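Just so it is clear, none of the values below were taken in a lab; they were calculated from the coordinates. Computed from a predicted model, the values in this text were never measured in an experiment. Backbone-built Cβ (ideal geometry, glycine too); neighbour counts: all protein chains shown.
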Amino acid sequence: NPSLRALAERAGVRIGTAVDMAALADDRTYRRTTAREFNSVTAENVMKWESVEPQRGVYDWKPADDLVRYAHAHGQVVRGHTLVWHSQLPGWLTTGVADGSIDATELRGILRNHITTEVKRYKGRIQQWDVVNEVFEEDGSLRNSIWLQQLGPSYIADAFRWAHAADPKAKLFLNDYNVEGVNAKSTAYYELVKELKAVGVPVQGFGIQGHLAIQYGFPGQVAENLARFEALGMQTAFTEVDVRMILPVDEEKSATQASYFRRLLDACLGARSCKSFTVWGYTDKYSWVPGVFEGQGAATPMDEEYGRKPAYGELREGL
Ligand code: XIL
């Protein structure tokens, strides 16, 4: 009964999961299963800015260090998530910008320092960094974040240049949701990558989160989307796959979910550029979905007791 990890190793791909550090500390089954089933890990929260610098100049690296150490001990690579995002920012930063005590010039320095400090700390130990996360709206316009408002669109190129200077070997990714298929948002990324590459910005990967919901159907033109990024010389990765549903679970929903996991995995395995497929948690016991999407859940390949669902079986079949 080979693990997902064993099959992935034969296939030459990374199979990853987001890791909940509280669960890793408290739950022995979680620790064992994370090591057995995956050869890549992503911090679900502990590498985010609010977690690593909760007060200005006061850093808390402990849980992120713990994850990097766990990964090393178990022969896993680490995806770094995430350096520049509009969400989960520390209060001192959002407050400072809102009340005008941090102006644009200072903010740019703060961002540069944040990226440099975090990337250098894990230099050589992070395979891929999600440098910018969720920078576009659904219609393909740039998201109206504090970064865009204060620094203008050049913050994106700057972030990649700063990250590259801090760890030249790490593969640097853009990352977003609702960009599985060809649509206005993924096309905005495609155009951005072309522009960045044209002026020599170090960007190497396009991360597709892959947060699907069965009630919305499966996205169209996933293979075509991967192919067009590949044609630009980009790596691709599925970085946060889960497939939620409106509860309660039934057999049909569970089968649809399984097929959605499989179809994303097949798209990855069918693209030379895609060597990494990460789920956003693998057990419903710790999934973020019920807390955020009311009435929805059961989004991962294992139930709350680590029982394998049809989705787990499809991932295994696909690998
Ligand atoms: C989520 C985590 O899973 C939650 O625990 C947290 O409360 C909020 O963030 N896109 C991302 C991830 O890039 O960082 C988000 O993770 C899920 C959506």
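Multiply the residue separation of L142 and E230 by 0.36 nm, subtract the distance between their alpha-carbon atoms, and state the gained length in nm to one decimal. Could you put the intermediate results ahead of the total?
Details: separation 88, 0.36 × 88 = 31.68 nm, distance 2.27 nm.
That pair, L142 and E230, stretches by 29.4 nm at full extension.
Assigning unit charges at the beta carbon (Lys, Arg +1; Asp, Glu -1) and nothing else, what dipole magnitude in debye, to the nearest 20, does the chain show about its Cα centre? Show your work: numbers first, answer last.
Details: 36 positive and 41 negative charges, 287 e Å.
It works out to roughly 1380 debye.
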Quiz prompt | Cα convex hull volume per residue for the chain (Å³) | solution = 127
Quiz item: Of the GluC sites (Glu not before Pro) in the range 213-319, which ones lie in a loop per DSSP and count no more than 10 other C-beta atoms within 10 Å?
Solution: E294, E305
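Considering only DSSP beta bridges with both partners in the range 4-318, what is the antiparallel share in %, to the nearest 5? Provide the component values of the computation, followed by the final result.
On the way: 5 of 40 bridges.
So the antiparallel bridges amount to about 10 percent of the total.
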Quiz item: Can you work out ³J(HN,Hα) from phi for every residue in the range 42-55, in order, using Karplus 6.51 cos²θ - 1.76 cosθ + 1.60 and θ = phi - 60°, giving whole Hz and x for Gly and Pro?
Solution: 10, 6, 5, 9, 6, 9, 6, 4, 4, 7, 7, 9, x, 10
Self-check item: Net dipole in debye of the range 1-114 [+1 Lys, Arg Cβ; -1 Asp, Glu Cβ; about Cα centre; nearest 20]
Solution: 600
Practice problem: Could you list the residues of the range 164-192 with an amide nitrogen less than 13 Å from a label point located 7 Å from the Cα of T116 in the Cα-to-C-beta direction? | Solution: 164-167
Quiz item: Amide H to amide H, which residues 5 or more places from S276 or on other chains are under 5 Å from it, using H placed in the peptide plane?
Solution: R14, F238
Quiz prompt | Lysine pair count for the range 4-318 [Cα-Cα under 19 Å; pairs on different chains or 8 or more apart] | solution = 20
Practice problem: Using a Gaussian network model of the chain whose springs link C-alpha atoms within less than 10 Å, name the residue from K275, K62, K171 with the highest mean-square fluctuation. | Solution: K62
Quiz prompt | Proxy reagent accessibility, fewest Cβ within 10 Å first, across D66, D250, D130 | solution = D250, D66, D130
